[in-house]
Amino acid sequence: AREREFGTFDQLLVAPFTPGEILVGKSLPGMLFGLMDALLFCAGAVYWFGVPFRGTIAALVLALSCFIVTMVGVGLLVSSLSMTMQQALLGSFVFMMPAVMLSGFATPIENMPVWLQLGTLLNPLRHVITALRAIFLEGAGAGTIWPQIWPLLLLASFSLSSSAWLFRRRSQ
């Protein structure tokens, strides 16, 4: 959205890259740094705060990777829908505030009304928090967290394909 506002978006469009290559180039660094940051926070939780880690590293990396890919897809979707940086920031805020409140982090999902519990199934943060609790506290492996992984993959495929479609449509 910022590049569209500053005019550098047009320079990207005349470059010899396909829209898919541009999206991958924009998202890959964020995914890698996001994964490194999340793993650093997990290490801090274990070594600094003494949170027990009973699961496997593979399950942790899988859950975090799927979540990061989903969130990058959501970010690209918000950016594809926005024309200015202010719209992108507002769109991110409108997504993030309900996502955090309805994730089960602060309020148990079981205490929410049934219609709202069903709505939280579309929240990527709900799935990763459930997976991380299982990995850290219950010793879950990659196979055990599959019920939380497949919704993240489904949400990632929807958000990434929608943002790619919008990006192609707006770049023509």
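The values are calculated or read from the model by the stated rules, or taken from the named source; none is laboratory data. Treat the numbers as computed from the prediction; the structure is a model and nothing was measured. With ideal geometry, Cβ positions are generated from the backbone for all residues, glycine too; neighbour counts draw on all protein chains shown. Note: areas computed on protein heavy atoms with side chains; ligands, DNA, RNA excluded. Shrake-Rupley method; radii C 1.70, N 1.55, O 1.52, S 1.80 Å.
Side notes on the structure shown:
- Count of region 104-128 residues, restricted to those that are within 19 Å of F53 (Cα to Cα) and either in contact with a Cys (Cβ under 7 Å, 6 or more places away or on another chain) or open to solvent by 50 Å² or more (accessible area, probe 1.4 Å) (or both), is 1.
- When A88, A131, A99 are screened for being open to solvent by less than 60 Å² (accessible area, probe 1.4 Å) and more than 28 Å from C42 (Cβ to Cβ), only A88 passes.
- Inclusion of G73 among residues that are under 19 Å from the mean Cα position of the chain (by Cα), over 18 Å from R133 (Cβ atoms) and surrounded by 20 or more Cβ atoms within 10 Å (Cβ to Cβ) is warranted.
- Selection from region 154-165 of residues that are open to solvent by 50 Å² or more (accessible area, probe 1.4 Å) and either of a type outside the set (A, V, I, L, M) or farther than 8 Å from G73 by Cβ (or both): L154, S157, F158, S161, W165
- Residues in region 134-153 that are in a helix (DSSP H, G or I) and surrounded by fewer than 16 Cβ atoms within 10 Å (Cβ to Cβ): L137, E138, W146, P147, W150, L153.
- Top-ranked residue in region 32-60 [being buried (at least 16 other Cβ atoms within 10 Å of the Cβ) and within 18 Å of the chain's Cα centre (by Cα); ranked as farthest from A99 (Cα to Cα)]: A59
- Per-region count, region 109-142, residues without any contact (Cβ under 8 Å) to a residue 12 or more places away in the chain and within 21 Å of the chain's Cα centre (by Cα): 3
- Of the residues S92, S27, S65, S103, the single one that is in contact (Cβ under 8 Å) with a residue 12 or more places away in the chain and over 26 Å from I145 (Cα atoms) is S92.
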